[in-house]
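The values are calculated or read from the model by the stated rules, or taken from the named source; none is laboratory data. Note that the structure is a prediction, hence the values are computed from the model and not measured. Counting neighbours? That spans all protein chains shown, and the Cβs are built from the backbone with ideal geometry, glycine included. Only protein heavy atoms, including side chains, enter the accessible area calculation; ligands, DNA and RNA are left aside. Shrake-Rupley method; radii C 1.70, N 1.55, O 1.52, S 1.80 Å.
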Amino acid sequence: MNSLLLHCRPGFEGEVCAEISEHAANLNVAGYAKAKPGSAYAEFICSEADGAERLMSGQRFDRLIFPRQWARGRFIELPESDRISVLLDALADYPVCGSLWLEVFDSNEGKELSNFCKKFEAPLRKALAKAGRLEEDVRKPRLLLTFRSGREVFLGLAESDNSAMWPMGIPRLKFPREAPSRSTLKLEEAWHHFIPRAEWDARLAPAMTAVDLGAAPGGWTWQLVNRHLKVIAVDNGPMAESLMDSGLVEHQRADGFVFRPRRPVDWMVCDIVEKPARTAALIETWLGEGLCREAVVNLKLPMKQRYAEVRRLLERIEDGLRERGVKVAIGCKQLYHDREEVTCHLRRL
Ligand SMILES: C[S@@+](CC[C@H](N)C(=O)[O-])C[C@H]1O[C@@H](n2cnc3c(N)ncnc32)[C@H](O)[C@@H]1O
(Lines give C-alpha, C1' and ligand atoms only; values in the text may rest on other atoms or scores of the structure.)
Protein backbone atom coordinates (compact mmCIF):
# COMPACT_ATOMS: atom_id res chain seq x y z
CA MET A 1 0.00 0.00 0.00
CA ASN A 2 2.73 2.45 -0.95
CA SER A 3 1.02 4.68 -3.48
CA LEU A 4 -0.93 7.87 -2.85
CA LEU A 5 -3.63 8.59 -5.42
CA LEU A 6 -4.74 12.20 -5.90
CA HIS A 7 -7.73 13.36 -7.96
CA CYS A 8 -7.74 16.79 -9.60
CA ARG A 9 -9.32 18.93 -12.31
CA PRO A 10 -8.11 17.60 -15.70
CA GLY A 11 -5.09 19.59 -16.83
CA PHE A 12 -3.78 20.22 -13.31
CA GLU A 13 -1.89 16.94 -12.82
CA GLY A 14 1.47 18.76 -12.97
CA GLU A 15 0.40 21.11 -10.16
CA VAL A 16 -0.64 18.15 -8.00
CA CYS A 17 2.73 16.45 -8.62
CA ALA A 18 4.63 19.61 -7.65
CA GLU A 19 2.51 20.18 -4.58
CA ILE A 20 2.58 16.65 -3.17
CA SER A 21 6.32 16.29 -3.89
CA GLU A 22 6.98 19.42 -1.85
CA HIS A 23 4.97 18.11 1.13
CA ALA A 24 6.56 14.66 0.89
CA ALA A 25 10.03 16.24 0.96
CA ASN A 26 9.08 18.33 4.01
CA LEU A 27 7.89 15.16 5.78
CA ASN A 28 10.92 13.11 4.70
CA VAL A 29 8.74 10.69 2.75
CA ALA A 30 10.83 9.32 -0.11
CA GLY A 31 9.23 8.67 -3.49
CA TYR A 32 8.27 10.27 -6.78
CA ALA A 33 5.14 11.74 -8.37
CA LYS A 34 3.82 10.71 -11.77
CA ALA A 35 0.82 11.64 -13.90
CA LYS A 36 -0.51 11.49 -17.42
CA PRO A 37 -1.58 14.94 -18.66
CA GLY A 38 -5.35 15.28 -18.85
CA SER A 39 -6.02 12.10 -16.82
CA ALA A 40 -7.44 14.03 -13.83
CA TYR A 41 -5.21 12.25 -11.32
CA ALA A 42 -1.63 11.84 -10.16
CA GLU A 43 0.16 9.24 -8.09
CA PHE A 44 2.91 9.62 -5.55
CA ILE A 45 4.83 6.35 -5.41
CA CYS A 46 6.53 5.97 -2.04
CA SER A 47 9.79 4.09 -1.60
CA GLU A 48 8.79 2.72 1.80
CA ALA A 49 5.76 0.62 2.64
CA ASP A 50 4.46 3.10 5.24
CA GLY A 51 5.29 6.18 3.12
CA ALA A 52 1.76 6.98 1.94
CA GLU A 53 0.35 6.58 5.43
CA ARG A 54 3.02 8.87 6.90
CA LEU A 55 2.37 11.44 4.19
CA MET A 56 -1.36 11.42 4.89
CA SER A 57 -0.98 11.59 8.65
CA GLY A 58 1.53 14.46 8.42
CA GLN A 59 -0.54 16.58 6.05
CA ARG A 60 -4.03 18.03 6.46
CA PHE A 61 -5.99 17.34 3.29
CA ASP A 62 -7.88 20.62 3.49
CA ARG A 63 -4.58 22.54 3.31
CA LEU A 64 -3.80 21.11 -0.14
CA ILE A 65 -4.56 23.47 -3.03
CA PHE A 66 -4.96 21.36 -6.17
CA PRO A 67 -5.91 17.80 -5.06
CA ARG A 68 -9.67 17.17 -4.84
CA GLN A 69 -9.41 13.78 -3.16
CA TRP A 70 -6.70 11.41 -1.99
CA ALA A 71 -6.29 7.80 -0.90
CA ARG A 72 -3.41 5.45 -0.10
CA GLY A 73 -3.41 2.00 -1.65
CA ARG A 74 -2.72 0.27 -4.93
CA PHE A 75 -4.26 -0.49 -8.33
CA ILE A 76 -5.44 -4.04 -8.95
CA GLU A 77 -6.84 -5.69 -12.06
CA LEU A 78 -10.35 -7.05 -12.13
CA PRO A 79 -11.80 -9.91 -14.20
CA GLU A 80 -14.74 -9.51 -16.57
CA SER A 81 -17.02 -11.41 -14.18
CA ASP A 82 -17.14 -12.04 -10.42
CA ARG A 83 -15.27 -8.86 -9.60
CA ILE A 84 -16.56 -8.99 -6.04
CA SER A 85 -14.63 -12.17 -5.10
CA VAL A 86 -11.40 -10.71 -6.46
CA LEU A 87 -12.00 -7.48 -4.54
CA LEU A 88 -12.68 -9.35 -1.30
CA ASP A 89 -9.44 -11.35 -1.71
CA ALA A 90 -7.43 -8.21 -2.45
CA LEU A 91 -8.87 -6.48 0.62
CA ALA A 92 -7.67 -9.25 2.95
CA ASP A 93 -4.69 -7.17 4.11
CA TYR A 94 -6.81 -3.99 4.51
CA PRO A 95 -8.34 -2.97 7.82
CA VAL A 96 -12.10 -3.20 8.37
CA CYS A 97 -13.50 0.05 6.91
CA GLY A 98 -16.08 2.42 8.32
CA SER A 99 -17.61 3.63 5.04
CA LEU A 100 -17.42 3.00 1.31
CA TRP A 101 -17.31 5.39 -1.65
CA LEU A 102 -17.03 4.33 -5.28
CA GLU A 103 -15.22 6.99 -7.29
CA VAL A 104 -14.08 7.71 -10.85
CA PHE A 105 -11.80 10.36 -12.27
CA ASP A 106 -13.16 13.64 -13.66
CA SER A 107 -12.51 12.59 -17.27
CA ASN A 108 -14.64 11.36 -20.17
CA GLU A 109 -13.81 7.73 -19.30
CA GLY A 110 -14.77 8.51 -15.73
CA LYS A 111 -18.18 9.84 -16.77
CA GLU A 112 -18.85 6.63 -18.71
CA LEU A 113 -17.82 4.51 -15.73
CA SER A 114 -20.01 6.25 -13.21
CA ASN A 115 -23.11 4.32 -14.39
CA PHE A 116 -21.27 1.05 -13.88
CA CYS A 117 -20.31 2.21 -10.37
CA LYS A 118 -23.91 3.07 -9.52
CA LYS A 119 -25.02 -0.47 -10.43
CA PHE A 120 -22.04 -2.13 -8.78
CA GLU A 121 -22.25 -0.30 -5.47
CA ALA A 122 -25.23 -2.05 -3.83
CA PRO A 123 -24.08 -5.68 -4.37
CA LEU A 124 -20.53 -4.76 -3.38
CA ARG A 125 -21.65 -3.01 -0.20
CA LYS A 126 -23.72 -6.04 0.73
CA ALA A 127 -20.82 -8.45 0.08
CA LEU A 128 -18.34 -6.33 2.06
CA ALA A 129 -20.70 -6.11 5.05
CA LYS A 130 -21.36 -9.85 4.94
CA ALA A 131 -17.60 -10.57 4.86
CA GLY A 132 -17.08 -8.29 7.89
CA ARG A 133 -15.01 -5.81 5.82
CA LEU A 134 -17.40 -2.89 6.28
CA GLU A 135 -18.87 -1.67 9.59
CA GLU A 136 -20.43 1.81 9.50
CA ASP A 137 -18.17 3.85 11.83
CA VAL A 138 -16.67 7.32 11.19
CA ARG A 139 -13.57 6.47 13.27
CA LYS A 140 -12.59 3.67 10.91
CA PRO A 141 -10.92 4.55 7.59
CA ARG A 142 -13.06 5.08 4.51
CA LEU A 143 -12.65 2.61 1.65
CA LEU A 144 -12.30 4.58 -1.59
CA LEU A 145 -12.53 2.42 -4.68
CA THR A 146 -11.54 4.47 -7.71
CA PHE A 147 -12.31 2.80 -11.03
CA ARG A 148 -9.92 3.61 -13.88
CA SER A 149 -11.83 1.22 -16.15
CA GLY A 150 -14.20 -1.70 -15.60
CA ARG A 151 -11.07 -3.84 -15.26
CA GLU A 152 -8.88 -1.68 -13.01
CA VAL A 153 -9.54 -0.22 -9.62
CA PHE A 154 -7.49 1.63 -7.00
CA LEU A 155 -8.12 0.11 -3.57
CA GLY A 156 -7.73 3.20 -1.44
CA LEU A 157 -8.00 4.19 2.20
CA ALA A 158 -8.45 7.63 3.71
CA GLU A 159 -9.55 8.95 7.08
CA SER A 160 -13.01 10.50 6.73
CA ASP A 161 -11.88 13.58 8.71
CA ASN A 162 -8.77 14.05 6.55
CA SER A 163 -10.01 13.65 2.98
CA ALA A 164 -12.62 15.16 0.68
CA MET A 165 -16.02 16.12 2.06
CA TRP A 166 -17.78 14.81 -1.05
CA PRO A 167 -17.05 11.79 -3.30
CA MET A 168 -14.27 12.77 -5.75
CA GLY A 169 -14.19 16.14 -4.01
CA ILE A 170 -17.13 17.28 -6.15
CA PRO A 171 -19.79 19.12 -4.16
CA ARG A 172 -23.43 18.37 -4.83
CA LEU A 173 -24.81 21.89 -4.68
CA LYS A 174 -28.18 22.80 -6.12
CA PHE A 175 -28.23 25.91 -8.29
CA PRO A 176 -30.69 28.33 -6.65
CA ARG A 177 -33.18 29.31 -9.37
CA GLU A 178 -33.46 32.90 -8.16
CA ALA A 179 -29.68 33.53 -8.28
CA PRO A 180 -28.64 35.82 -11.17
CA SER A 181 -25.58 33.81 -12.27
CA ARG A 182 -24.04 30.36 -12.03
CA SER A 183 -20.99 31.87 -10.27
CA THR A 184 -23.18 31.87 -7.18
CA LEU A 185 -22.16 28.25 -6.54
CA LYS A 186 -18.50 29.27 -6.34
CA LEU A 187 -19.07 31.34 -3.20
CA GLU A 188 -21.31 28.69 -1.67
CA GLU A 189 -18.66 26.03 -2.30
CA ALA A 190 -16.00 28.30 -0.78
CA TRP A 191 -18.05 28.63 2.40
CA HIS A 192 -18.50 24.85 2.60
CA HIS A 193 -14.79 24.35 2.14
CA PHE A 194 -13.44 27.06 4.42
CA ILE A 195 -16.06 27.45 7.15
CA PRO A 196 -17.18 24.55 9.36
CA ARG A 197 -20.97 24.20 8.98
CA ALA A 198 -21.48 24.67 12.74
CA GLU A 199 -19.92 28.17 12.48
CA TRP A 200 -22.02 29.50 9.58
CA ASP A 201 -24.65 31.05 11.83
CA ALA A 202 -22.05 33.05 13.76
CA ARG A 203 -19.78 33.99 10.86
CA LEU A 204 -22.44 34.62 8.20
CA ALA A 205 -25.06 36.19 10.41
CA PRO A 206 -28.03 38.47 9.55
CA ALA A 207 -27.23 42.21 9.66
CA MET A 208 -23.52 41.61 9.11
CA THR A 209 -22.03 43.82 6.41
CA ALA A 210 -20.24 42.84 3.21
CA VAL A 211 -18.59 44.35 0.15
CA ASP A 212 -18.76 42.41 -3.13
CA LEU A 213 -16.09 43.66 -5.58
CA GLY A 214 -16.90 42.85 -9.22
CA ALA A 215 -20.43 41.96 -8.16
CA ALA A 216 -22.50 42.08 -11.37
CA PRO A 217 -24.88 40.52 -12.16
CA GLY A 218 -25.00 39.40 -8.54
CA GLY A 219 -24.47 35.65 -8.00
CA TRP A 220 -22.19 36.18 -5.02
CA THR A 221 -24.27 39.08 -3.68
CA TRP A 222 -27.27 36.72 -3.87
CA GLN A 223 -25.54 34.27 -1.51
CA LEU A 224 -24.81 37.07 0.98
CA VAL A 225 -28.36 38.45 0.74
CA ASN A 226 -29.73 34.93 1.13
CA ARG A 227 -28.08 34.92 4.56
CA HIS A 228 -29.50 38.42 5.22
CA LEU A 229 -26.20 40.30 5.11
CA LYS A 230 -26.19 43.96 3.97
CA VAL A 231 -24.10 44.24 0.81
CA ILE A 232 -22.32 47.05 -1.03
CA ALA A 233 -22.07 45.67 -4.58
CA VAL A 234 -19.22 47.35 -6.49
CA ASP A 235 -19.29 47.05 -10.29
CA ASN A 236 -19.76 49.32 -13.29
CA GLY A 237 -22.06 46.69 -14.76
CA PRO A 238 -25.77 46.31 -13.91
CA MET A 239 -27.00 44.29 -10.94
CA ALA A 240 -30.05 42.00 -11.23
CA GLU A 241 -33.24 43.95 -10.39
CA SER A 242 -34.51 41.18 -8.11
CA LEU A 243 -31.50 41.65 -5.84
CA MET A 244 -31.92 45.41 -5.67
CA ASP A 245 -35.56 44.83 -4.61
CA SER A 246 -34.34 42.98 -1.49
CA GLY A 247 -33.47 46.34 0.11
CA LEU A 248 -30.21 44.83 1.36
CA VAL A 249 -28.01 45.90 -1.57
CA GLU A 250 -26.37 49.24 -2.28
CA HIS A 251 -24.93 49.34 -5.82
CA GLN A 252 -21.76 51.45 -6.24
CA ARG A 253 -20.54 52.00 -9.79
CA ALA A 254 -16.85 52.23 -8.97
CA ASP A 255 -13.48 50.60 -9.56
CA GLY A 256 -13.13 47.68 -7.14
CA PHE A 257 -9.41 48.31 -6.82
CA VAL A 258 -9.98 51.88 -5.65
CA PHE A 259 -13.21 51.53 -3.64
CA ARG A 260 -12.91 51.61 0.17
CA PRO A 261 -15.89 51.28 2.56
CA ARG A 262 -16.71 54.20 4.89
CA ARG A 263 -16.64 51.82 7.84
CA PRO A 264 -14.96 48.39 8.19
CA VAL A 265 -17.18 45.50 7.10
CA ASP A 266 -17.44 41.89 8.21
CA TRP A 267 -16.89 40.39 4.76
CA MET A 268 -15.16 41.30 1.51
CA VAL A 269 -15.64 39.02 -1.50
CA CYS A 270 -14.02 39.61 -4.86
CA ASP A 271 -14.60 37.87 -8.19
CA ILE A 272 -12.82 40.34 -10.49
CA VAL A 273 -10.72 38.67 -13.18
CA GLU A 274 -7.38 40.46 -12.84
CA LYS A 275 -3.67 39.81 -12.78
CA PRO A 276 -3.05 37.70 -9.64
CA ALA A 277 -0.35 40.04 -8.29
CA ARG A 278 -2.83 42.93 -8.34
CA THR A 279 -5.49 40.85 -6.59
CA ALA A 280 -2.91 39.76 -3.98
CA ALA A 281 -2.09 43.41 -3.27
CA LEU A 282 -5.82 44.15 -2.88
CA ILE A 283 -6.16 41.30 -0.36
CA GLU A 284 -3.23 42.64 1.64
CA THR A 285 -4.72 46.13 1.77
CA TRP A 286 -8.18 44.98 2.89
CA LEU A 287 -6.98 42.60 5.59
CA GLY A 288 -3.92 44.66 6.54
CA GLU A 289 -5.88 47.90 7.01
CA GLY A 290 -8.68 46.13 8.85
CA LEU A 291 -11.28 47.01 6.18
CA CYS A 292 -12.82 43.54 6.61
CA ARG A 293 -12.58 40.63 9.01
CA GLU A 294 -13.03 37.80 6.52
CA ALA A 295 -12.62 37.54 2.77
CA VAL A 296 -13.17 35.15 -0.13
CA VAL A 297 -11.21 36.18 -3.21
CA ASN A 298 -10.65 34.56 -6.58
CA LEU A 299 -7.04 34.43 -7.69
CA LYS A 300 -6.55 33.93 -11.41
CA LEU A 301 -3.81 31.44 -12.22
CA PRO A 302 -0.80 32.36 -14.33
CA MET A 303 -0.10 30.38 -17.53
CA LYS A 304 3.01 28.56 -16.32
CA GLN A 305 4.36 27.18 -13.04
CA ARG A 306 0.93 27.54 -11.58
CA TYR A 307 1.65 25.84 -8.25
CA ALA A 308 4.97 27.64 -7.67
CA GLU A 309 3.36 30.97 -8.59
CA VAL A 310 0.39 30.49 -6.23
CA ARG A 311 2.80 29.59 -3.40
CA ARG A 312 4.81 32.75 -4.12
CA LEU A 313 1.69 34.93 -4.07
CA LEU A 314 0.46 33.39 -0.80
CA GLU A 315 3.88 33.90 0.78
CA ARG A 316 3.87 37.51 -0.36
CA ILE A 317 0.46 38.10 1.23
CA GLU A 318 1.59 36.35 4.43
CA ASP A 319 4.85 38.34 4.61
CA GLY A 320 3.05 41.62 3.91
CA LEU A 321 0.50 41.03 6.66
CA ARG A 322 3.18 39.88 9.12
CA GLU A 323 5.15 43.08 8.48
CA ARG A 324 2.02 45.05 9.35
CA GLY A 325 1.69 43.00 12.56
CA VAL A 326 -1.66 41.57 11.46
CA LYS A 327 -2.47 37.92 12.22
CA VAL A 328 -4.54 36.27 9.50
CA ALA A 329 -5.41 32.63 8.75
CA ILE A 330 -5.10 31.99 5.02
CA GLY A 331 -6.57 29.08 3.05
CA CYS A 332 -6.38 28.44 -0.67
CA LYS A 333 -8.09 25.82 -2.82
CA GLN A 334 -8.88 25.11 -6.42
CA LEU A 335 -12.57 24.50 -5.89
CA TYR A 336 -14.67 22.31 -8.19
CA HIS A 337 -16.32 25.46 -9.57
CA ASP A 338 -12.93 27.10 -10.24
CA ARG A 339 -11.37 26.81 -13.67
CA GLU A 340 -8.15 28.72 -14.33
CA GLU A 341 -8.21 30.10 -10.82
CA VAL A 342 -7.99 29.26 -7.14
CA THR A 343 -10.06 30.63 -4.27
CA CYS A 344 -8.45 32.23 -1.22
CA HIS A 345 -10.08 32.59 2.16
CA LEU A 346 -8.65 34.97 4.76
CA ARG A 347 -9.71 35.60 8.32
CA ARG A 348 -8.26 38.07 10.82
CA LEU A 349 -7.41 36.33 14.07
C1 LIG B 1 -16.80 37.12 -13.15
S2 LIG B 1 -17.76 38.55 -13.09
C3 LIG B 1 -18.44 38.51 -11.50
C4 LIG B 1 -19.61 37.60 -11.34
C5 LIG B 1 -20.29 37.74 -10.00
N6 LIG B 1 -19.44 37.32 -8.90
C7 LIG B 1 -21.56 36.95 -9.95
O8 LIG B 1 -21.62 35.99 -9.19
O9 LIG B 1 -22.53 37.29 -10.66
C10 LIG B 1 -16.58 39.81 -12.95
C11 LIG B 1 -17.15 41.19 -12.78
O12 LIG B 1 -16.07 42.05 -12.44
C13 LIG B 1 -16.36 43.34 -12.96
N14 LIG B 1 -15.12 44.10 -12.98
C15 LIG B 1 -14.03 43.97 -13.78
N16 LIG B 1 -13.08 44.84 -13.42
C17 LIG B 1 -13.57 45.55 -12.37
C18 LIG B 1 -13.07 46.57 -11.53
N19 LIG B 1 -11.84 47.08 -11.71
N20 LIG B 1 -13.85 47.06 -10.55
C21 LIG B 1 -15.09 46.56 -10.34
N22 LIG B 1 -15.61 45.57 -11.08
C23 LIG B 1 -14.86 45.07 -12.08
C24 LIG B 1 -16.98 43.06 -14.32
O25 LIG B 1 -17.81 44.15 -14.70
C26 LIG B 1 -17.78 41.77 -14.03
O27 LIG B 1 -19.13 42.10 -13.76
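Structure values in brief
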{"item": "The chain: relative contact order as a whole-number percent, Cα under 8 Å and 6+ apart", "result": "13"}
{"item": "For the stretch 184-348, alpha-carbon Rg over 2.2 N^0.38 Å", "result": "0.98"}
{"item": "Alpha-carbon centroids, the stretch 162-184 and the stretch 14-32: separation in whole Å", "result": "29"}
{"item": "Taking the C-alpha atoms of the stretch 1-156, convex hull volume expressed per residue in Å³", "result": "106"}
{"item": "Where labels lie 7 Å past Cα in the beta-carbon direction, separation of Asn26 and Arg227 in nm", "result": "2.7"}
{"item": "Loop trypsin sites (Lys or Arg not before Pro), the stretch 110-190 (other Cβ atoms within 10 Å of the site Cβ: 13 or fewer; DSSP)", "result": "Arg139, Arg151, Arg172, Lys174, Arg177, Arg182"}
{"item": "Hz values of 3J(HN,Hα) by residue in the stretch 295-307 - Karplus curve (6.51, -1.76, 1.60), Gly and Pro given as x", "result": "8, 10, 9, 7, 10, 5, 8, x, 6, 10, 6, 5, 5"}
{"item": "Where Rh is the Kirkwood radius over Cα pairs, Rg/Rh for the chain", "result": "1.01"}
{"item": "Proximal lysines to Lys140, defined as alpha-carbon separation beneath 20 angstrom and excluding residues fewer than eight positions away on the same chain", "result": "Lys126, Lys130"}
{"item": "Rounded to the nearest 10 Å², the accessible area of Ser57 at probe 1.4 Å", "result": "100"}
{"item": "Convex hull (Cα only) mean projected area of the stretch 105-218, reported in nm² to one decimal", "result": "10.4"}
{"item": "Full-extension gain in nm, Ser57 to Ile330, via 0.36 nm per residue minus C-alpha separation", "result": "96.2 nm"}
{"item": "Local net charge near Ser163, Cβ-Cβ under 12 Å (Lys/Arg +1, Asp/Glu -1)", "result": "0"}
{"item": "Coil-residue trypsin sites (Lys or Arg not before Pro) of the stretch 263-349, DSSP, other Cβ within 10 Å capped at 15", "result": "Lys304, Arg324, Lys327, Arg339"}
{"item": "Average accessible area per residue (Å²) across the stretch 264-349 - probe 1.4 Å, nucleic acids and ligands excluded", "result": "46"}
{"item": "Where a label projected 7 Å from the Cα of Ser81 along Cα→Cβ would reach, residues of the stretch 132-171 with amide N under 11 Å", "result": "none"}
{"item": "Gaussian network model of the chain, springs between alpha carbon atoms under 10 Å - residue of Asp255, Asp266, Asp93 with greatest fluctuation", "result": "Asp93"}
{"item": "Partners for Lys304 among lysines (Cα-Cα distance below 25 Å; same-chain residues under 8 apart left out)", "result": "Lys34, Lys36, Lys186, Lys275, Lys333"}
{"item": "Inter-site label distance for Ala49 and Arg311 at 7 Å from Cα along Cβ, in nm", "result": "3.1"}
{"item": "Potential extension, Arg278-Ser149 segment - 0.36 nm per residue separation minus Cα distance", "result": "42.1 nm"}
{"item": "Estimated distance in nm for a label pair at Ala254 and Asp201, the labels positioned 7 Å out from Cα along Cα-to-Cβ", "result": "3.5"}
